[in-house]
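**Student:** First the structure, which I've put down as structure tokens, then a few questions once you've had a look.
The values are calculated or read from the model by the stated rules, or taken from the named source; none is laboratory data. Owing to the predicted nature of the structure, the values given are computational and were not obtained by experimental measurement. Here the Cβ positions follow ideal geometry from the backbone for every residue, glycine too, while neighbour counts run over all protein chains shown.
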There are 2 protein chains.
Amino acid sequence: MTKPQDVFDSSDSVRTARPLRHAQTVEFAGPIKLELGGKLPSVTVAYETYGRLSEHRDNAILVCHALSGDSHVARHGAADDPGWWDTVVGPGKAIDTDKYFIVCPNMLGGCRGTTGPNSINPATGKPHGADFPNVTTTDIVDMQRRLADHLGIGQWLAVAGGSMGGHQSLTWATRYPARVRGAIPLATSPRLTSQALAFDVVGRNAIFRDPHYHGGQYYDKASAPHVGLALARMLGHITYLSPQAMQEKFAATKLRPRDVATEFEKKFSVGSYLAYQGDKFVERFDANSYITLSMAMDLFDLGATPGELADRLAKSQCRWLIISFTSDWLFPAEHAREIADALIALGRPVSYCNVRSDCGHDAFLLEDELPIYGGMISGFLANLRGESPTAHVPAELDGLDRYRPQSIFSTRRLDHDRIVELVPPQASVLDIGCGGGPVLSRLRQTGHTRLMGLELDEQALLACVRRGLDVVQVDVNKGLRIFADGQFDVVVLSLTLQSIRNVERVIADMLRVGRKAIVSFPNFGYHKLRATLANEGRVPEPFNWMGFRWYNTPAIRFLTIADFEEFCRERNFTVHQRVALNTEEGREVAGDANLNADMAIFVLSL
Amino acid sequence: MTKPQDVFDSSDSVRTARPLRHAQTVEFAGPIKLELGGKLPSVTVAYETYGRLSEHRDNAILVCHALSGDSHVARHGAADDPGWWDTVVGPGKAIDTDKYFIVCPNMLGGCRGTTGPNSINPATGKPHGADFPNVTTTDIVDMQRRLADHLGIGQWLAVAGGSMGGHQSLTWATRYPARVRGAIPLATSPRLTSQALAFDVVGRNAIFRDPHYHGGQYYDKASAPHVGLALARMLGHITYLSPQAMQEKFAATKLRPRDVATEFEKKFSVGSYLAYQGDKFVERFDANSYITLSMAMDLFDLGATPGELADRLAKSQCRWLIISFTSDWLFPAEHAREIADALIALGRPVSYCNVRSDCGHDAFLLEDELPIYGGMISGFLANLRGESPTAHVPAELDGLDRYRPQSIFSTRRLDHDRIVELVPPQASVLDIGCGGGPVLSRLRQTGHTRLMGLELDEQALLACVRRGLDVVQVDVNKGLRIFADGQFDVVVLSLTLQSIRNVERVIADMLRVGRKAIVSFPNFGYHKLRATLANEGRVPEPFNWMGFRWYNTPAIRFLTIADFEEFCRERNFTVHQRVALNTEEGREVAGDANLNADMAIFVLSL
């Protein structure tokens, strides 16, 4: 696991707002009214930019920082201080500063140059302190919108951000839909969990009840609420790491703390780490900003029910790439999934992946899972700009590896040919277990535009995103409840039936979600397979796929065409078409299909 | 979900140690030396008892409380204050006060009558305060041992405890092995996770850095470190609940807090809850005790490696019932499993279940999962006392439901008869997928004593525990790495092979762990099954078990006797015996087994 770095210059004071070295500032005259009723006489926004804005102003990407971040998203050169997202933003990186114009502003309410509690209130000549009004994510985004106007950016190619930065990308997409082509919310959610909220409450209480807080008016005092802020930061740090990451980092050295100069407990290694992080944080962050911004985060709510969420997201017009991380317990995957689910239900173009990671919430800042999430971001951005999908897709991701009928070694698969032919022109298609997207890509070539894939494998998901296909990570055994009745014209299940445990549920869901279902499967009734069992007393493996045997085949369901026909008859499914293939001989079968076909394709409806 | 109650009388002051209403006390003269070098001039132990000690003094159960608990484990009558474990301890309950004599002492270092930081130091006439020496779990248990001596209890029938109480039960079993017949550690671990430790560090820092802490000498001051202690308690509360439970409790009412009188933030419902819990806690608990006891918990370490853990646990002589809860993230299941794994590797009598629960760490205090964990405790205790297993085991848990050959409706199963015959006398046996224990029970009847079962299903595990069988919840697909090479004479896999995904791994593990393996499976080569496919073109279901069909059968692997023989031949397994059965006709098959048997039993070794 990569070690998260603390990238800030600890010598800066936060007693007064001061833009970072490379930041530019723009002042917006007021009064500026805020969502919850507050007012600011004027607002300064500090921001940094990277790369060059294209002639058509169509390559601008807004990067939104998280609770404790700032405008310094990346280095401006080799000699520069590290940025908080150097892993992702830079020349040749996932968000490529050679191709895109990147803008990263410090948030309203922050303490790094943009107006916040530590800014001088022109009315009093003193810092706002506790008088700084409550701000919301909407207010933060509205100032970013003013910045976009100032920079002459009518539409962002993308708005990207993790954690609280993800809240801003969600707000952009729903509040200024025409100004966002693509939204990339990472490690985020439509609202905090009650648990995450509870941690924030304890952190704020530690600050509020620090005797040096003085009700927020501590800027002219000899001391600031450093103990409370450090406690809040310690707590935050625990929530940013996964339990596994903490165990790996601290379990072996439990009683061998680092020798840090601190007044906090340092008996245990994890304690010395937290003490160090807490002490360092108070040098670069302002307690009032912490309270202001954490409260904005806690109040963020894109909708508490699927219905409310859908209402809000319905306003968006962009493509979506949503990424969560399996070990992130602060912004857990199931909450990110709620966003994806609502967009799916709305029929919006969305890709979603829950990236396998041990790094916890911090994963989106680290290199460990960069090949997946960074690869998806760069592929998504390239497709947004209309670059033709050139990504090489390995054969195994096109399903040629997992299920390759012996006679079909070319990339033209007889069964895929027939499935593509069976899909009516213009039909919308959901492909379950889509792999790297071989069928969907073919359908796109034949002019189909409303396409979506479901897949579990990360590499296959990445291949789809690179190809510009919308793909969502779903375990179909758990059902397709996210999809509305009749949401697709056709739902395809291509050579996947035999690997599914909940066959009844998946087929029922397909017929609910699709007006028609296309199902292909290996036929166990094929005469060669029958003969193997009858004459040799051995259980055959259809197609001899990849040399699988009875004890290791991914196929866990065995059926014949007759079995499937009975299955449909018992449930009164309408069978519109039945295609019987002999893939060994590369031809369609006319006569007794159950005896002569090694594969069948059924077109069904209720 | 049941609401956890706060069971303490908030009117008590904790400025001075005072036993609870029903507590008795005993004083042990000193000086008493402590593990880390400290000394106490004398120690008072406050404890409560329930039920009556039997004539043979063989029915005494020690219940150990957790961090913030006390001696009042249960009501002494209907009019009494609630106890912290009324769900489990009482007349007719899992720990039955009508049958057992229950003792619950307040921990050394606590603040409820047993000597702790708020006790008067006889040397100074003032409370110990911060001068109170560091205590460890060993010290806590040593005082309980003195109490046992005082009460004339030579051996506890069982030592039970959850969380930090679990640490005490582990310490008893390993430090005073001859004095413990059964250990019941619940929701506990051999050592805290780094994450749990980190939360404790933050909590202690909140107390240490509270200006009212005065280095621990606050008893004669006007105020105590209530803010710090309340912050620590708030944090603790978050960790005791599962994320699901918090969501259920607070998400819907997010912005509708309870109207509590508090100086803490109460903007959100979860905030008002935490504020209430924090404010209430400081009325009944002492900050120095919190620091003393949480430090004892943090220092507890039964071994950081499997080897160290095994060395410690090797000292134990008791039977074990270890229970964790799936949503407990403070004491996660995998850490409880480390204890069970070490005991398994040592060949000790242990049962383990990871009870499915949404209640988090608090689950062991609540009624929600009581039928499982309470049922296991009462069954375990009954067997410890040598009560004959009378529990009714439903037929389906004896495997009659899942796999019932048509002709065998009686509880005598032909295949079980043969398996029992194939096991040599006195052999130790591991039964993989043991269900409610039908084969193991038969083996016990035939004089086998070293028996262990592996099972996934909670109800089946409960049935085994009630029957007095040792059973461990294991997903065999993940391998049997916990078992040593050759640990058992025989490993049985009875009609389970066909439901296993990782066949190769499981069989290889069986042959490593057992000197011999007995494997039974349905034979897909049986002539009737062949005929169904060959003549009717339909995939047959062996035995027509329970009417399963191709799309819903739990069987996911299909094989014939010939397939299995080849499998063994390719791996050079020695086949010692092969029993071919025709269960339809209730007889053994002599001729062409692959054609005439519907079930086979193989005895293998490497």
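**Student:** Scan the range B:317-336 and tell me whether some residue there is of a type in the set (D, E, K, R), within 25 Å of the chain's Cα centre (by Cα) and surrounded by fewer than 24 Cβ atoms within 10 Å (Cβ to Cβ).
**Tutor:** yes
**Student:** Please go through the range A:480-497 and pick out each residue that is over 30 Å from B:Phe558 (Cβ atoms) and either in contact with a Pro (Cβ under 7 Å, 6 or more places away or on another chain) or assigned to a strand (DSSP E or B) (or both).
**Tutor:** In the first step, residues of the range A:480-497 are kept if they are over 30 Å from B:Phe558 (Cβ atoms); the result is A:481-490.
Selection gives A:Phe488, A:Asp489, A:Val490.
**Student:** What are the residues in the range A:218-232 that are over 18 Å from A:Val201 (Cα atoms) and buried (at least 16 other Cβ atoms within 10 Å of the Cβ), if any? Working first, answer last.
**Tutor:** Within the range A:218-232, the first condition is being over 18 Å from A:Val201 (Cα atoms), and the residues that meet it are A:218-224.
If the condition is that a residue be over 18 Å from A:Val201 (Cα atoms) and buried (at least 16 other Cβ atoms within 10 Å of the Cβ), then A:Tyr218, A:Tyr219, A:Ala224 are the ones that fit.
**Student:** Hey, any hits in the range B:539-547 for a residue that's of a type outside the set (Gly, Ala, Ser), in contact with a Lys or Arg (Cβ under 6 Å, 6 or more places away or on another chain) and in contact (Cβ under 8 Å) with a residue 40 or more places away in the chain?
**Tutor:** Residues of the range B:539-547 that are of a type outside the set (Gly, Ala, Ser), as a first pass: B:539-546.
So of that shortlist, the ones also in contact with a Lys or Arg (Cβ under 6 Å, 6 or more places away or on another chain) come out as none.
Within the range B:539-547, none of the residues are of a type outside the set (Gly, Ala, Ser), in contact with a Lys or Arg (Cβ under 6 Å, 6 or more places away or on another chain) and in contact (Cβ under 8 Å) with a residue 40 or more places away in the chain.
**Student:** Is there a residue being within 39 Å of the chain's Cα centre (by Cα) and within 14 Å of another protein chain (Cβ to nearest Cβ) anywhere in the range A:580-597?
**Tutor:** Scanning the range A:580-597 turns up no residue that is within 39 Å of the chain's Cα centre (by Cα) and within 14 Å of another protein chain (Cβ to nearest Cβ).
**Student:** Another question, then. Any idea which of (1) surrounded by fewer than 24 Cβ atoms within 10 Å (Cβ to Cβ); (2) under 15 Å from B:Gly69 (Cα atoms); (3) of a type in the set (Gly, Ala, Ser) is the one B:Gly161 doesn't satisfy?
**Tutor:** It is condition (1) that B:Gly161 fails.
**Student:** Now, a different point. Step by step: first the residues of the range B:551-606, then only those that are charged (D, E, K, R) and part of a strand (DSSP E or B), then the one that is farthest from A:Trp550 (Cα to Cα). Which residue is that?
**Tutor:** The first filter runs over the range B:551-606 and keeps only residues charged (D, E, K, R), leaving B:557, B:563, B:565-566, B:569-571, B:578, B:584-585, B:587-588, B:592, B:598.
Those still in the list that are part of a strand (DSSP E or B) too: B:578, B:587-588.
Values: B:Arg578: 20, B:Arg587: 27, B:Glu588: 26 Å.
If we take residues in the range B:551-606 being charged (D, E, K, R) and part of a strand (DSSP E or B), then B:Arg587 is farthest from A:Trp550 (Cα to Cα).
**Student:** Condition check: over 30 Å from B:His448 (Cα atoms) and of a type in the set (A, V, I, L, M, F, W, C). Does B:Ile344 satisfy that?
**Tutor:** Working: over 30 Å from B:His448 (Cα atoms): no; of a type in the set (A, V, I, L, M, F, W, C): yes.
Judged against the criteria, B:Ile344 is not a match.
**Student:** Can I ask one more? Got a sec? Which of B:Gly152, B:Gly166, B:Gly125 is of a type outside the set (D, E, K, R) and without any contact (Cβ under 8 Å) to a residue 60 or more places away in the chain? It would help to see each step written out before you state the result.
**Tutor:** On the way: B:Gly152 fails: without any contact (Cβ under 8 Å) to a residue 60 or more places away in the chain; B:Gly166 fails: without any contact (Cβ under 8 Å) to a residue 60 or more places away in the chain.
The unique qualifying residue is B:Gly125.
**Student:** Here is a check on your reading of the model: is A:Thr124 modelled with pLDDT under 95 and more than 20 Å from A:Leu147 (Cβ to Cβ)?
**Tutor:** In short, yes.
**Student:** Can you name the number of the only condition in (1) under 17 Å from A:Phe364 (Cβ atoms); (2) away from every other protein chain (no Cβ under 14 Å); (3) not in a helix (DSSP H, G or I) that A:Arg181 fails?
**Tutor:** (1)
**Student:** Which one of these does A:Thr174 not meet: (1) of a type in the set (Val, Ile, Thr); (2) outside the structural domain of A:Ser294 (by TED's automatic domain parsing); (3) crowded, with 24+ Cβ neighbours inside 10 Å?
**Tutor:** The number of the failed condition is (3).
**Student:** Another question, then. Hey, among B:Thr253, B:Thr326, B:Thr262, which residue is of a type in the set (Ser, Thr, Tyr) and in contact (Cβ under 8 Å) with a residue 24 or more places away in the chain? Please lay out each step first, then the result.
**Tutor:** Details: B:Thr253 fails: in contact (Cβ under 8 Å) with a residue 24 or more places away in the chain; B:Thr262 fails: in contact (Cβ under 8 Å) with a residue 24 or more places away in the chain.
Result of the check over B:Thr253, B:Thr326, B:Thr262: B:Thr326.
**Student:** In the range A:255-306, how many are assigned to a helix (DSSP H, G or I), more than 9 Å from every other protein chain (Cβ to nearest Cβ) and either surrounded by fewer than 22 Cβ atoms within 10 Å (Cβ to Cβ) or not β-branched (Val, Ile, Thr) (or both)?
**Tutor:** To start, the set of residues in the range A:255-306 that are assigned to a helix (DSSP H, G or I) comprises A:269-284, A:287-299, A:306.
Cutting the leftovers down to more than 9 Å from every other protein chain (Cβ to nearest Cβ) gives us A:272, A:276-277, A:279-284, A:287-294, A:296-297, A:306.
The next check asks that each one be either surrounded by fewer than 22 Cβ atoms within 10 Å (Cβ to Cβ) or not β-branched (Val, Ile, Thr) (or both); those that pass are A:272, A:276-277, A:279-284, A:287-290, A:293-294, A:296-297, A:306.
Looking only at that region, the number is 18.
**Student:** While we're here: Restricting to the range A:498-528, and then to whatever is surrounded by 22 or more Cβ atoms within 10 Å (Cβ to Cβ), touching a Pro at 6+ places or on another chain (Cβ under 9 Å) and outside any strand (DSSP E or B), can you tell me which residue is nearest to the other protein chains (Cβ to nearest Cβ)?
**Tutor:** That would be A:Phe524.
**Student:** Which residues, counting only those in the range B:196-241, are small (Gly, Ala, Ser) and facing chain A (nearest Cβ under 7 Å)? So that I can check it myself, show each step before the final result.
**Tutor:** Step one: filter the range B:196-241 for residues small (Gly, Ala, Ser), giving B:196, B:198, B:203, B:206, B:215-216, B:222-224, B:228, B:230, B:232, B:236.
Once the filter is applied, which keeps residues that are small (Gly, Ala, Ser) and facing chain A (nearest Cβ under 7 Å), the range B:196-241 yields B:Ala198, B:Ala206.
**Student:** Would you please name the residue that is nearest to B:Phe268 (Cα to Cα), looking only at residues in the range B:242-253 that are at the interface with chain A (Cβ under 8 Å from one of its Cβ atoms) and out of contact with any strand residue (DSSP E or B) (no Cβ under 9 Å at 6 or more places or on another chain)? Don't jump to the end; show me each part of the working.
**Tutor:** Of the residues in the range B:242-253, the ones at the interface with chain A (Cβ under 8 Å from one of its Cβ atoms) are B:243, B:246-247, B:249-252.
The next check asks that each one be out of contact with any strand residue (DSSP E or B) (no Cβ under 9 Å at 6 or more places or on another chain); those that pass are B:243, B:246-247, B:249-250, B:252.
On the way: B:Pro243: 16, B:Met246: 13, B:Gln247: 13, B:Lys249: 12, B:Phe250: 9, B:Ala252: 11 Å.
My answer is B:Phe250.
**Student:** Something else: Based on this model, can you work out whether A:Ala562 counts as at the interface with chain B (Cβ under 9 Å from one of its Cβ atoms) and touching an Asp or Glu at 6+ places or on another chain (Cβ under 8 Å)?
**Tutor:** Numbers: at the interface with chain B (Cβ under 9 Å from one of its Cβ atoms): yes; touching an Asp or Glu at 6+ places or on another chain (Cβ under 8 Å): yes.
The answer is yes for A:Ala562.
**Student:** So if I check each of A:Phe331, A:Phe285, which one is in the same structural domain as A:Leu170 (by TED's automatic domain parsing) and in contact with a helix residue (DSSP H, G or I) (Cβ under 8 Å, 6 or more places away or on another chain)?
**Tutor:** Values: A:Phe285 fails: in the same structural domain as A:Leu170 (by TED's automatic domain parsing).
The match here is A:Phe331.
**Student:** Determine whether A:Ala342 is touching a Ser or Thr at 6+ places or on another chain (Cβ under 7 Å), closer than 30 Å to B:Lys267 by Cβ and away from chain B (no Cβ under 14 Å). Even if it seems obvious, please write down each step before you answer.
**Tutor:** Details: touching a Ser or Thr at 6+ places or on another chain (Cβ under 7 Å): no; closer than 30 Å to B:Lys267 by Cβ: yes; away from chain B (no Cβ under 14 Å): yes.
In short, no.
**Student:** Restricting attention to the range B:593-602, does a residue exist that is free of Cβ contacts under 8 Å to residues at least 12 places away in the same chain and not small (Gly, Ala, Ser)? First the steps, then the outcome.
**Tutor:** If we filter the range B:593-602 for residues that are free of Cβ contacts under 8 Å to residues at least 12 places away in the same chain, which is where we start, we get none.
No.
**Student:** Looking at the range A:307-354, which of its residues are of a type in the set (Asp, Glu) and part of a loop (DSSP other than H, G, I, E, B)? Spell out the reasoning first.
**Tutor:** If we filter the range A:307-354 for residues that are of a type in the set (Asp, Glu), which is where we start, we get A:308, A:311, A:328, A:334, A:338, A:341.
A:Asp328, the sole residue that qualifies.
**Student:** Could we say that A:Met452 is on the phi < 0 side of the Ramachandran plot, surrounded by 22 or more Cβ atoms within 10 Å (Cβ to Cβ), modelled with pLDDT of 95 or more and not in a helix (DSSP H, G or I) here? Steps first, answer last, please.
**Tutor:** On the way: on the phi < 0 side of the Ramachandran plot: yes; surrounded by 22 or more Cβ atoms within 10 Å (Cβ to Cβ): yes; modelled with pLDDT of 95 or more: yes; not in a helix (DSSP H, G or I): yes.
For A:Met452, the condition - on the phi < 0 side of the Ramachandran plot, surrounded by 22 or more Cβ atoms within 10 Å (Cβ to Cβ), modelled with pLDDT of 95 or more and not in a helix (DSSP H, G or I) - is met.
**Student:** Output yes when any residue across the range B:534-547 is assigned to a loop (DSSP other than H, G, I, E, B), in contact with a Ser or Thr (Cβ under 9 Å, 6 or more places away or on another chain) and hydrophobic (A, V, I, L, M, F, W, C), and no when none is.
**Tutor:** From the range B:534-547, those assigned to a loop (DSSP other than H, G, I, E, B) are B:537-541; that's our starting set.
Of the ones still in play, those that are also in contact with a Ser or Thr (Cβ under 9 Å, 6 or more places away or on another chain) are B:537-541.
Add one more test, that the residue is hydrophobic (A, V, I, L, M, F, W, C), and what stays is B:539.
Checked against the condition, which is being assigned to a loop (DSSP other than H, G, I, E, B), in contact with a Ser or Thr (Cβ under 9 Å, 6 or more places away or on another chain) and hydrophobic (A, V, I, L, M, F, W, C), the range B:534-547 yields at least one hit.
**Student:** Inside the range A:75-104, can you point out the residues that are buried (at least 24 other Cβ atoms within 10 Å of the Cβ) and of a type in the set (Gly, Ala, Ser)?
**Tutor:** Within the range A:75-104, just A:Gly83 meets the criteria.
**Student:** Let me ask something else about it. Which of (1) away from every other protein chain (no Cβ under 14 Å); (2) under 30 Å from B:Gly375 (Cβ atoms); (3) touching a residue at least 24 places away in the same chain (Cβ under 8 Å) is the odd one out, the single condition B:Gly453 does not satisfy?
**Tutor:** It is condition (3) that B:Gly453 fails.
**Student:** May I ask you to verify whether A:Glu570 is in contact with a Phe, Trp or Tyr (Cβ under 9 Å, 6 or more places away or on another chain), of a type in the set (Asp, Glu) and assigned by TED's automatic domain parsing to the domain that holds A:Asp489?
**Tutor:** Details: in contact with a Phe, Trp or Tyr (Cβ under 9 Å, 6 or more places away or on another chain): no; of a type in the set (Asp, Glu): yes; assigned by TED's automatic domain parsing to the domain that holds A:Asp489: yes.
When the stated conditions are applied, A:Glu570 does not pass them.
**Student:** Now for a different question. Filter the range A:548-559 down to the residues that are more than 7 Å from chain B (Cβ to nearest Cβ) and without any contact (Cβ under 8 Å) to a residue 60 or more places away in the chain and list them by number. Walk me through it before giving the result.
**Tutor:** Start the filter on the range A:548-559 by keeping residues that are more than 7 Å from chain B (Cβ to nearest Cβ), which leaves A:548-549, A:553-555.
Scanning the range A:548-559 gives A:Phe548, A:Arg549, A:Thr553, A:Ala555.
**Student:** Of (1) part of a loop (DSSP other than H, G, I, E, B); (2) more than 9 Å from chain A (Cβ to nearest Cβ), B:Val159 satisfies all except one. Which?
**Tutor:** (1)
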